[in-house]
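Have a look at the structure below, then the notes.
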Amino acid sequence: MKKTIIATSLISIGISAITSQQAIAANTDIDDQMLVTANRNQQEQFLALSANAVITSEQIKSMQVGNISELLDTVAGISVVQQGGAGQATSIFMRGTNSNHTLILVDGVRINSATLGTTNLTAISPNQIERIEVVKGPRAALWGSDAIGGVIQIFTKQLHSGEGSLTVGAGSNGLVQGDAAIGLGSEKHNLSVAVSTESSDGFNAYTTDPFPYDINEDDDDGYERFSVSAVGNSQLTDSVSLHLVSRFESGNSEFDASYPDSPCWYDETVACPAFYANEQDHENYSVKLASRYQGDKLFSELSIATSQDEGESFGNDTVASTISTERDQISFINQYQFSNKTSLSLGVDYYVEEISNSEDLDAWVPGFQTWAEDERDVSAVFVQAQHQFSHILLEGALRHDDIENLDAETTYNASIGYQINDDWLLSVTRGTGFKAPTFNDLYWPGSGNPDLQPEKITNNELLIRHQFSSNNLSTKVEFSAFDSEIENLIAWAPNEFGLWQPDNINSAEISGLEASLILTIGNFNNQLNLALIDAEDSDTGDKLLRRPELTATYTLGYQWQDFSFNGVVSYRDESVDAGDVTLDSYVLVDLGVSYHASSNITVNAKVNNIFDEEYETSLNYFADGTNYKASITYSF
């Protein structure tokens, strides 16, 4: 009853939002919006046969978020779990799948760690983002491993030549931030450079009753981050162009250690192992160079990219331990447009993952312990066809991935849509996906299991989409229902010798409903995202951890003279964490305002959690109470 009342109330408030908006232009009409990630080529977002959402640069500005996870948490079907403040570990659960079941791309470059399978989203500055595209459901038939719950692609911001901005800001918990960006060059040959820096003293996020193998470090857990991006385009001829996208990020975050004693309880003469550490430095980068040919009917792109995800743990008298993932990738994509109704795409992906460590991975075994294997290559080929006749839309994709030391995987997506008229679209989709085991799962010294198989999903989905626009009114509604079965889930269990190691022993059943709505009337913009997701273990019927059943977010934006107002109300249902502990439901309210003092100067202010709600998304990790920040931006 409680869930029904809240859901009904939010819907009746009205009115709502799909965050699926294209950021090619801030004021693009709904029917002109485009989507890239769903099919690895541009298509009208309304005609995409997969549930999706797009967060624009204008939304990022108006919401004044501290990190990307705050943006993603507003999307229907995504739950964000954060172990502390803005600089702490963050997990993304899309459609009830695991936190490592979402493929994260930055400008087409996969950045997931090959050891953990997750991505440090807190390292990426929101101010350098042009848009974020979220495609829900398995998309392995186009993107390969990891795309079980869906795909999140982040696009780096690019400015026109002569454009630029400078922002300085401060806030609670000792927050200090600064951003600068400029566009250089000409219309045909241009380069955008952006720099961001941020630091905070943080707050003491971890609280529990200590016992011999637990700890409360009664200190603030702060963070700092620095990032720089460079995006360039060069139009060589009418049909040939070169494109550069690059980023570099570094920073530090503090956290509470896993064990209380220092120096180490087993030998005071040696340095503590990594689980006594309470700080981490990170240094990540990605660089992509692409050549594109755009003819009358043929589009081709050849791209090469390299990336690094590196973290170094230290503190509490530990020896600094660095673990790094380096990945080189090549992609060649060709799309032939037979007509405005029919197209065929062929693509090849190849990438090599290599991991490394600076210190012993197992302090209990003599000698230097590392992974049994530290490198693998993945080669894949895919084909996709799209066709429309009359009101019927057809999409199909097939991909074959050959992963070194693992079985090859073949995945597919098949969709059929019916466009009733210009304002209504129905579609049904069936798709499969997989996630290859990480290097930690396969080869961690003393516990890795090289016989592991990829985790696999089969998903069915029904989609209904509606749009309407008039002079002073526009609406958009997207509703989706899905049902997923996941097999070969990796979990820890004792083997035949009684030793604990990961194995493909679990399975899950996930079903859900998602609704995204928008209503814009004059200067009022209302957005509402709802999701009702049932995710449970197939064998036991137990709820999967840290996944609330009902989530709802309502956003209201209003423009009055030189002021822009933004308010967000979020509800998260109760969830279950380790030890069958129930985390309480909660409601958050955030309010922000921007004052456009002139055509060049904007003053921003925001208060988060204005009612000082005390809540947890992860057991014993309490989120921040009421907090605030303010900034001023000069644009030219």
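The values are calculated or read from the model by the stated rules, or taken from the named source; none is laboratory data. Note that the structure is a prediction, hence the values are computed from the model and not measured. Cβ placement follows ideal geometry from the backbone for every residue including glycine, while neighbour counts extend to all protein chains displayed.
Descriptive notes on the structure:
- The set of residues in the range 152-203 that are more than 15 Å from Lys629 (Cβ to Cβ), within 24 Å of the chain's Cα centre (by Cα) and not small (Gly, Ala, Ser) comprises Ile152, Gln153, Ile154, Phe155, Thr156, Lys157, Gln158, Leu159, Val193, Val195.
- Taken together, the criteria place Asp612 among residues that are without any contact (Cβ under 8 Å) to a residue 60 or more places away in the chain and more than 30 Å from Asn459 (Cα to Cα).
- Residue pairs whose Cβ atoms lie under 6 Å apart, separated by 6 or more positions or on different chains, with the first residue in the range 352-377 and at pLDDT below 95 and the second of a type outside the set (Gly, Ala, Ser) and surrounded by fewer than 15 Cβ atoms within 10 Å (Cβ to Cβ), are Asp360/Phe368.
- Scanning the range 517-576 for residues that are closer than 25 Å to Tyr595 by Cα, surrounded by fewer than 20 Cβ atoms within 10 Å (Cβ to Cβ) and of a type in the set (A, V, I, L, M, F, W, C) yields Leu519, Ile521, Phe524, Trp560, Phe563, Phe565, Val569.
- Among (1) part of a loop (DSSP other than H, G, I, E, B); (2) free of Cβ contacts under 8 Å to residues at least 24 places away in the same chain; (3) hydrophobic (A, V, I, L, M, F, W, C) - the single one Val75 does not satisfy: (2)
Quick grid of which residues meet (1) surrounded by 15 or more Cβ atoms within 10 Å (Cβ to Cβ); (2) out of contact with any helix residue (DSSP H, G or I) (no Cβ under 9 Å at 6 or more places or on another chain); (3) closer than 30 Å to Ser427 by Cβ:
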residue	(1), (2), (3)
Ile355	yes, no, no
Asp362	yes, yes, no
Pro366	no, yes, no
Phe382	yes, no, yes
Asp401	yes, no, yes
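- The one condition from (1) closer than 22 Å to Gln280 by Cα; (2) over 24 Å from the mean Cα position of the chain (by Cα) that Phe226 does not meet is (2).
- Once the range 255-279 is narrowed to residues that are buried (at least 22 other Cβ atoms within 10 Å of the Cβ) and either of a type in the set (Asp, Glu) or assigned to a strand (DSSP E or B) (or both), the residue that is modelled with the highest pLDDT is Asp256.
- Taken together, Asn620, Asn609 contain a single residue that is at pLDDT 95 or above, over 30 Å from Glu487 (Cα atoms) and not acidic (Asp, Glu), which is Asn609.
- Residue satisfying all of: in the range 607-624; more than 30 Å from Ala597 (Cα to Cα) and not charged (D, E, K, R); surrounded by the fewest Cβ atoms within 10 Å (Cβ to Cβ) among these: Tyr615
- Within the range 115-160, tally of residues that are assigned to a loop (DSSP other than H, G, I, E, B), over 22 Å from Gly96 (Cβ atoms) and either in contact with a helix residue (DSSP H, G or I) (Cβ under 8 Å, 6 or more places away or on another chain) or not hydroxyl-bearing (Ser, Thr, Tyr) (or both): 7
- Condition check for Asn529: within 24 Å of Gly137 (Cβ to Cβ), among the polar types (S, T, N, Q), touching a residue at least 24 places away in the same chain (Cβ under 8 Å) and in contact with a strand residue (DSSP E or B) (Cβ under 9 Å, 6 or more places away or on another chain): yes
- The range 129-144, residues that are crowded, with 24+ Cβ neighbours inside 10 Å and more than 20 Å from Ser415 (Cα to Cα): Ile132
- Candidates Ser50, Ser69, Ser99, filtered to the one that is among the small types (Gly, Ala, Ser), in a loop (DSSP other than H, G, I, E, B) and surrounded by fewer than 23 Cβ atoms within 10 Å (Cβ to Cβ): Ser99
- Leading residue by the ranking (nearest to Leu47 (Cα to Cα)) among those in the range 446-498 that are hydroxyl-bearing (Ser, Thr, Tyr) and outside any strand (DSSP E or B): Ser470
- The one condition in (1) of a type in the set (Phe, Trp, Tyr); (2) in contact with a Phe, Trp or Tyr (Cβ under 8 Å, 6 or more places away or on another chain); (3) over 20 Å from Ser145 (Cβ atoms) that Phe338 fails to fulfil: (2)
- Residue match in the range 552-575 (condition: free of Cβ contacts under 8 Å to residues at least 24 places away in the same chain and β-branched (Val, Ile, Thr)): no
- If only residues of the range 378-415 that are free of Cβ contacts under 8 Å to residues at least 24 places away in the same chain and closer than 20 Å to Asn488 by Cα are counted, the one that is farthest from the chain's Cα centre (by Cα) is Ala408.
- Residue check for Ser345: touching a residue at least 12 places away in the same chain (Cβ under 8 Å), among the small types (Gly, Ala, Ser) and more than 30 Å from Thr122 (Cβ to Cβ): yes
- Of the residues making up the range 56-69, those that are among the charged types (D, E, K, R) and in contact (Cβ under 8 Å) with a residue 40 or more places away in the chain number 1.
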